[in-house]
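Rule-based calculations on the coordinates, nothing more; no lab input. Since the model is a prediction, treat every value here as computed from it, not as a measurement. Methodologically, a virtual Cβ is constructed for each residue, glycine included, from the backbone with ideal geometry; neighbour enumeration extends over all protein chains shown.
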């Protein structure tokens, strides 16, 4: 498998061609008004002609933007016009070209989900945060977990289980009591969601080259859905997940506020 990546973040000055910034806004009044002010000041161009994208909204819209641009090799600079804003920079109309030129890069590699459903349908999707399996009904799910072709857990009874990217380790993974992972660690957290048996299993840290297979047991009685970020596939029988080293997303952050720093700082938040 292709070796992982170069360093997760690097600092460099990047020239920003005049008129080649595309501004994308979430479907909120605040984001729309912010976009109008920025476009009036700096101009705008279509996405397919842009050298750089500015995403205006919250973390959800940033993920939506990154998914839209996967494979396009366009860096994305987010400005917070939403709520949480973990992936965003503070909003300001001033000196945008200067901020973009000084921005740090964070290179993200998504997980690829390959799901087989009860009807034999095969669904694929990419996830920048996590791939999760979730019970669909009142009964717990039963899931067998194999890593690189070797069964590691014969039967996990749970509400669900997820495999997270380092960037996504501060999201659903952290809420499920999984570990936060630095971008440079080349590790993927595997985290149970409300495990019933084995009760004390807290998950695992896997190398980023790992190929994970989830097999749903008693699928007729205990149906399970698989979710890759915002793509849901219901009634799955098996879900294979691995990092897709050929696809990248580049996110830009203000100096000293890069994603690696934010992930480290999150571990000391009380």
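Residue ranges 183-189, 262-268, 107-113, 97-103 sort as 107-113, 183-189, 97-103, 262-268 when ordered by packing (mean number of other C-beta atoms within 10 Å per residue, highest first). Here is how the number arises for the chain: DSSP H runs of 4 or more residues each give -39500 (n - 2.57), the sum is divided by the residue count, and the result at 222 nm is -4500 deg cm²/dmol.
Averaging the sequence gap over all C-alpha pairs within less than 8 Å and six or more residues apart, then dividing by the number of residues, gives the chain a relative contact order of 22 percent.
Between helix 29-42 and the chain there is an angle of about 40 degrees, using the helix long axis and the longest principal axis of the Cα atoms.
When you count the other C-beta atoms within 10 angstrom of each residue and take the mean per peptide, 238-247, 158-167, 191-200 line up highest first as 158-167, 238-247, 191-200.
In what sequence do 42, 77, 172 fall when counting other Cβ within 10 Å, fewest first? Don't jump to the answer; show the numbers that get you there.
Details: 42 16, 77 23, 172 19.
So the ranking, lowest neighbour count to highest, is 42, 172, 77.
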